[in-house]
Amino acid sequence: MSEEASVRLAVPDIGVRERELVVEALDSGFVSSVGPFVAEFEQRFAREIGSRFAVACSSGTAAIHLALRVLGVGQGDVVALSDFTFIGSANPVLYLGASPLFVDSEMTTWNMDPQLLEDELARRACNGQPLPKVVEVVHALGQPAQLADIGQVCGRYDIPIIEDAAEALGAGWSDGPLSGQRVGSVGKVAMFSFNGNKIATTGGGGMLVTDDEDTATRTRHLSTQAKVQGVGYLHDEVGYNYRLTNIAAAIGLAQLERLPEFVSAKRAIARRYDSAFANLPMVLPPRVMGLDSTYWLYSVLVPKGARDPLLAHLARKNVEARPLWRPLHVQPIFGAHGSVGGATGEDLFERGVSLPCSTGLDPASQHKVIESVTEFFDQGSSE
Ligand SMILES: *Cc1c(COP(=O)(O)O)cnc(C)c1O
């Protein structure tokens with residue numbers, strides 16, 4: 001360890017209120033998934049998103065698994081989903097024996113390219129090939145996807161959308177057909193994650209939201225071992241133990257109260273980085289009129305070949321940074337499945353670097369990150 005304090009990538013922001021509510025949960029004796037904080041967290045969360053129903057889950061991955069299952073995805077079905085994302089978006093597709101079809105990103109938002117999706121659906125319809133049962137759209141890094149366009153394409157073929165909003169709690173649209181809506185309120189179903197590095201955390205957890213009452217009821221049922229109420233251990237289908245605990249919900253409630261504070265902190269960090277980096281040879285995170293990102297994980301694209309030298313330089317400076325995801329179409333476990341495009345996702349992976357952006361990042365630490373990045377380009381990337 002060097003003597004210099006390290007600047008961490010993204011650490012949780014846990015305050016007094018979180019501690020108070022956890023103690024309250026512990027003292028109440030409701031430590032597991034039955035307890036008042038779970039229901040309260042669901043109700044407040046649904047209101048926050050602008051959805052009718054919310055079902056708290058043990059993880060974001062569990063919420064995606066339930067969402068796919070409730071939308072009828074099973075053996076042999078095709079699920080079209082974003083190629084450039086964390087693996088948690090895609091693993092549940094394989095849990096169900098379905099086949100992922102990875103759709104590449106566009107450079108505007110770094111999210112699913114609506115045109116590629118449209119062309120692929122048209123091609124499949126024309127050739128009599130199976131259409132995806134579901135389209136799963138990721139709002140990567142806090143940046144809303146082009147969901148108005150994707151929604152139009154899916155509407156034409158009557159394909160439901162799952163929003164993977166794991167990273168985008170608090171983001172939304174302020175222009176166009178979705179103006180005024182939050183991410184998670186557009187798809188038939190949406191999910192969020194409360195893992196430790198997400199914008200709001202419960203330690204580990206997730207949430208499924210929907211406006212459809214049957215979908216919410218069935219999700220809740222499947223998440224609690226498909227136990228039929230009131231008749232004594234009757235289980236009418238194969239379920240899961242996927243509920244959030246009351247202790248975790250206590251943390252979630254306190255975090256949700258602070259969401260506006262978290263979102264403005266992330267946006268302020270992004271603004272400062274954007275202006276500090278304006279003259280460096282880097283592509284800055286998407287800034288798209290009307291698609292309001294939270295900049296959950298502030299990430300830039302550096303020139304080809306400069307990613308690893310920059311990461312090494314930052315590591316020497318005790319600044320924690322990391323590459324963006326390797327796109328899913330090149331992951332060995334998905335090798336046999338289909339993909340559309342892929343060059344943009346590969347480019348994002350080869351050139352992408354995420355920089356420290358904890359909501360509690362102090363100005364001195366941010367200055368240190370800016371200085372370290374600037375120094376790297378001043379010295380030339382050949383060091
Ligand atoms: C974190 C994340 C998930 C999975 O959520 P967990 O709570 O970690 O299971 C899924 N999709 C995306 C895009 C994520 O970032």
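Read-outs: derived from the displayed coordinates by stated rules, not from any lab. Computed from a predicted model, the values in this text were never measured in an experiment. Heads up, the Cβs are rebuilt from the backbone with ideal geometry, glycines too, and the neighbour counts pull from every protein chain shown.
With the simple model of a label 7 Å out from the Cα in the direction of the Cβ, ARG123 to ARG44 spans 4.7 nm.
Taking N as the residue count of segment 233-279, its C-alpha radius of gyration divided by 2.2 N^0.38 Å amounts to 2.11. Taking the average, over residues, of other Cβ atoms within 10 Å as the packing measure, peptides 30-41, 204-215, 185-196 rank 185-196, 204-215, 30-41 from highest down. Considering only GLY203, GLY128, GLY352, give the residue with the highest GNM mean-square fluctuation for the chain, with springs between Cα atoms whenever their separation is below 10 Å. Top of the fluctuation ranking is GLY128.
Here the 3J(HN,Hα) profile of segment 288-293, calculated from phi with Karplus coefficients 6.51, -1.76 and 1.60 at θ = phi - 60°, is 10, 3, x, 10, 8, 6 Hz, Gly and Pro shown as x. Segment 235-275 and segment 318-334 have Cα centres separated by 23 Å. The charge dipole of the chain, taken about its Cα centre with unit charges on the Cβ atoms of Lys, Arg (+1), Asp and Glu (-1) only, comes to about 300 debye.
Using the Cβ-Cβ distance between PHE349 and SER174 with R0 set to 25 Å, the FRET efficiency from 1/(1 + (r/R0)^6) comes to roughly 0.25. Principal semi-axes of the equivalent ellipsoid, √(5λ) from the alpha carbon gyration tensor of segment 178-288, are 38, 17, 12 Å from largest down. The helix-based estimate of mean residue ellipticity at 222 nm for the chain, built from -39,500 (n - 2.57) per DSSP H run of four or more residues and divided by its residue count, is -11500 deg cm²/dmol to the nearest 500.
Given Cα positions, please report Rg to Rh for segment 226-383, the hydrodynamic radius being the Kirkwood one.
1.12
Diffusion coefficient (Stokes-Einstein, Kirkwood radius over C-alpha pairs, 4 °C, 1.567 mPa s) for segment 274-351: 89 µm²/s, rounded to a whole number. Each other residue within a Cβ distance under 12 Å of LEU253 adds +1 if Lys or Arg and -1 if Asp or Glu, for a net charge of -4. Along the axis of the charge dipole computed for the chain (Cβ charges of +1 for Lys and Arg, -1 for Asp and Glu, origin at the Cα centre), the listed residues VAL34, ALA265, ALA190 are led at the positive end by VAL34. Dipole orientation for segment 1-54: of the candidates LEU9, PHE45, ALA25, PHE45 has the Cα lying most toward the positive pole (charges on Cβ; Lys, Arg +1; Asp, Glu -1).
Roughly how big is segment 260-356's charge dipole about its Cα centre, with Cβ charges of +1 (Lys, Arg) and -1 (Asp, Glu), in debye to the nearest 20? Mind showing how you got there, number by number?
Details: 12 positive and 8 negative charges, 55 e Å.
Computed about the Cα centre, the dipole is about 260 debye.
One quarter of the convex hull surface built on the alpha carbon atoms of segment 56-127 amounts to 5.5 nm², the projected area averaged over directions. Neighbours of ILE162 by Cβ distance under 14 Å: Lys/Arg scored +1, Asp/Glu scored -1, total -3.
The Rg/Rh ratio for segment 79-209, using Cα coordinates for both the radius of gyration and the Kirkwood hydrodynamic radius, is 0.96. Dividing the alpha-carbon radius of gyration of the chain by the rule-of-thumb value 2.2 N^0.38 Å gives 1.00.
Separation of segment 91-128 and segment 178-225, taken as the distance between their Cα centroids, equals 22 angstrom. Taking other C-beta atoms within 10 Å as the exposure proxy, LYS227, LYS368 rank LYS227, LYS368 from fewest upward.
Here the gap between SER264 and SER28, fully extended at 0.36 nm per residue and compared with their Cα-Cα distance, gives a gain of 81.6 nm.
Neighbours of VAL183 by Cβ distance under 10 Å: Lys/Arg scored +1, Asp/Glu scored -1, total -3. Evaluated with a Cβ-only charge set (Lys, Arg +1; Asp, Glu -1), segment 170-319 carries a dipole of roughly 780 debye about its Cα centre, given to the nearest 20. Normalising the average separation of contacting C-alpha pairs (under 8 angstrom, six or more residues apart) by the number of residues puts the relative contact order of segment 187-269 at 27 percent.
With all pairs of different C-alpha atoms in the average, the Kirkwood value for the hydrodynamic radius of segment 1-57 is 14.3 Å.
Amide hydrogen proximity for GLU136: with H placed 1.01 Å from N in the peptide plane, the residues at 5 or more positions away or on another chain lying under 5 Å are ALA80, LEU81, SER82, ILE162. Cβ-to-Cβ counts within 10 Å put TRP173, TRP110 in ascending order as TRP173, TRP110, the fewest first.
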